[in-house]
1. Looking at the structure I just gave you, is residue 109 loosely packed, with under 15 Cβ neighbours inside 10 Å, within 25 Å of residue 90 (Cα to Cα), within 16 Å of the ligand (Cβ to nearest atom) and in contact (Cβ under 8 Å) with a residue 24 or more places away in the chain?
2. Are any residues in segment 120-140 under 21 Å from residue 85 (Cα atoms) and out of contact with any strand residue (DSSP E or B) (no Cβ under 9 Å at 6 or more places or on another chain), and if so, which ones?
3. Would you please list the contacts, defined by Cβ atoms under 6 Å and residues six or more apart or on different chains, that run from a residue in segment 42-70 that is without any contact (Cβ under 8 Å) to a residue 12 or more places away in the chain to a residue that is part of a strand (DSSP E or B) and within 10 Å of the ligand (Cβ to nearest atom)?
4. Out of segment 114-134, which residues are more than 14 Å from the ligand (Cβ to nearest atom) and either part of a helix (DSSP H, G or I) or buried (at least 16 other Cβ atoms within 10 Å of the Cβ) (or both)?
5. Would it be correct to say that residue 92 is within 16 Å of the chain's Cα centre (by Cα), within 9 Å of the ligand (Cβ to nearest atom) and over 20 Å from residue 27 (Cα atoms)?
Ligand code: 5GP
């Protein structure tokens with residue numbers, strides 16, 4: 001088939017573990033952290049958002065920002081909670097920059113097992129990038145956008161979102 005990878009028929013998750021397929025909003029380790037059943041190093045909390053240090057940091061200051069709303073992936077999040085996360089995320093980044101001294105950082109947000117999501121409760125990673133070799137290290141294996149395909153894709157997306 002042509003590279004219409006944005007076609008809905010292509011969206012399959014063959015590697016999805018059974019608990020994810022059966023219970024996409026299952027009680028996760030992050031639910032337990034939110035309830036206080038498991039301890040964490042809390043950084044921030046408001047009515048809708050919670051942030052804490054990652055237990056396996058890629059770099060010093062690696063922080064997770066999660067909604068209190070229990071949904072597995074970002075596309076399932078309510079507008080209200082999305083806005084609350086968007087409001088606090090830059091503030092958390094500024095605090096992490098100031099405290100760690102790392103001027104640069106990545107925001108990482110994984111959705112689905114193939115996309116490296118391990119905990120199926122929406123979360124944003126704030127990962128300080130103090131040096132080339134520490135923090136988030138990734139291959140950026142880019143391709144070239146075909147202009148005609150790009151026009152078709154943008155139109156399809158725009159129609160879908162009603163923009
Ligand atoms: P994902 O791969 O799903 O985007 O990342 C999940 C993150 O959650 C990982 O970076 C992992 O270290 C972190 N994590 C998993 N379990 C716990 C936990 O019990 N406490 C904390 N603080 N972080 C956790």
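Every number in this text was worked out from the coordinates using simple rules, so none of it is lab data. Model, not experiment: these values are computed from the prediction. Backbone-built Cβ (ideal geometry, glycine too); neighbour counts: all protein chains shown.
1. Yes, satisfied.
2. Result: 120, single match.
3. Cβ pairs passing all conditions: 42/52.
4. 129, 130
5. No: the conditions fail for residue 92.
This table checks each residue for (1) buried (at least 17 other Cβ atoms within 10 Å of the Cβ); (2) on the phi > 0 side of the Ramachandran plot; (3) more than 10 Å from the ligand (Cβ to nearest atom).
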{"residue": "52", "(1), (2), (3)": "yes, no, no"}
{"residue": "58", "(1), (2), (3)": "yes, no, no"}
{"residue": "61", "(1), (2), (3)": "yes, yes, yes"}
{"residue": "70", "(1), (2), (3)": "yes, no, yes"}
{"residue": "75", "(1), (2), (3)": "no, no, yes"}
